[in-house]
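These notes concern the structure reproduced below.
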Amino acid sequence: AQKITQTQPGMFVQEKEAVTLDCTYDTSDQSYGLFWYKQPSSGEMIFLIYQGSYDEQNATEGRYSLNFQKARKSANLVISASQLGDSAMYFCAMREDAYSGAGSYQLTFGKGTKLSVIP
Amino acid sequence: NAGVTQTPKFQVLKTGQSMTLQCAQDMNHNSMYWYRQDPGMGLRLIYYSASEGTTDKGEVPNGYNVSRLNKREFSLRLESAAPSQTSVYFCASSDLNSGTDQPQHFGDGTRLSIL
């Protein structure tokens, strides 16, 4: 079974509208972290937002927020007021602390969602 | 403010040739990682190094070797390149000791084609 599932290969959103990118995860670990990265067409990986499994509040970073539903094992990224520069691939990734140690951790990535913002 | 630097950015090899991808970070991070990204597959971990002097296999280590030269540098070597190793390779670094919310920081990637 996939550990990270992003069910939307591609999405379109109108400029200035909000959009939600889905991410579900599978782990038996009680302690874990969820990350979202943006990959524009230029190719670099840009960190957007983080949610820890014990965090009681949903994470927010500017126009990005994370809709974290622990019981459903979902960590959806919400982008408010979409901009043309938001057009990119978006990856959800998970760190499982049972597999972390000595200060390092492995990330498991989903296959990504390609977001296109329409003017 | 370089962060993670990868060289080269592009490379074309013939099957059977060898090559080393270089990675250096200037953030004083303990841990470094090598990933490959294939179309429709997301990123997959090849090898990682928790600290200077240690390396461990990730999800897809076959056909690769790594060297953690010092705290700053972590290289990835293809001894006998195969077309299946055509991919975009990313190096990353992190320091979990600075907090569990610390992300991995990525280089800009190396686009490798093997003919």
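The values are calculated or read from the model by the stated rules, or taken from the named source; none is laboratory data. This one's a predicted model, so the numbers in the text were calculated from it and none came from an experiment. In this analysis, Cβ positions are derived from the backbone assuming ideal geometry, glycine residues included, and neighbour counts consider all displayed protein chains. Side chains are part of the model used for accessible areas, which takes the heavy atoms of the whole protein and leaves out ligands, DNA and RNA. Shrake-Rupley method; radii C 1.70, N 1.55, O 1.52, S 1.80 Å.
Extending 7 Å from the Cα toward the beta-carbon at both residue A:15 and residue B:71 defines two label points whose distance is 4.7 nm. Carbon-plus-sulfur accessible fraction, chain B (probe radius 1.4 Å, protein heavy atoms only): 46%. In this rough spin-label picture, where each label sits 7 Å from Cα along the Cβ direction, the residue B:111-residue B:10 distance is 0.6 nm. Modelled spin labels at residue A:2 and residue B:20, positioned 7 Å past Cα toward Cβ, are 3.7 nm from each other.
Here the accessible area is traced with a 1.4 Å probe on the protein chains. For segment A:20-119, carbon and sulfur cover 47 percent of it.
Taking both sides together, the accessible area buried where B meets A is about 1800 Å² for a 1.4 Å probe.
Taking a ≥ b ≥ c as the square roots of the Cα gyration tensor eigenvalues, with a/c under 1.5 meaning rounded and otherwise prolate when a/b beats b/c, else oblate, which class fits chain A?
Numbers: a/c = 1.93, a/b = 1.70, b/c = 1.14.
Because a/c hits 1.5 or more and a/b exceeds b/c, chain A counts as prolate.
For segment B:1-84, just say rounded, prolate or oblate: build the C-alpha gyration tensor, square-root its eigenvalues into a ≥ b ≥ c, call rounded for a/c under 1.5, and beyond that prolate if a/b exceeds b/c, oblate if not. Show your work: numbers first, answer last.
Details: a/c = 1.59, a/b = 1.50, b/c = 1.06.
In terms of gyration-tensor shape, prolate.
Measuring with a 1.4 Å probe in the full set of protein chains, what accessible area per residue, in whole Å², belongs to chain B?
46
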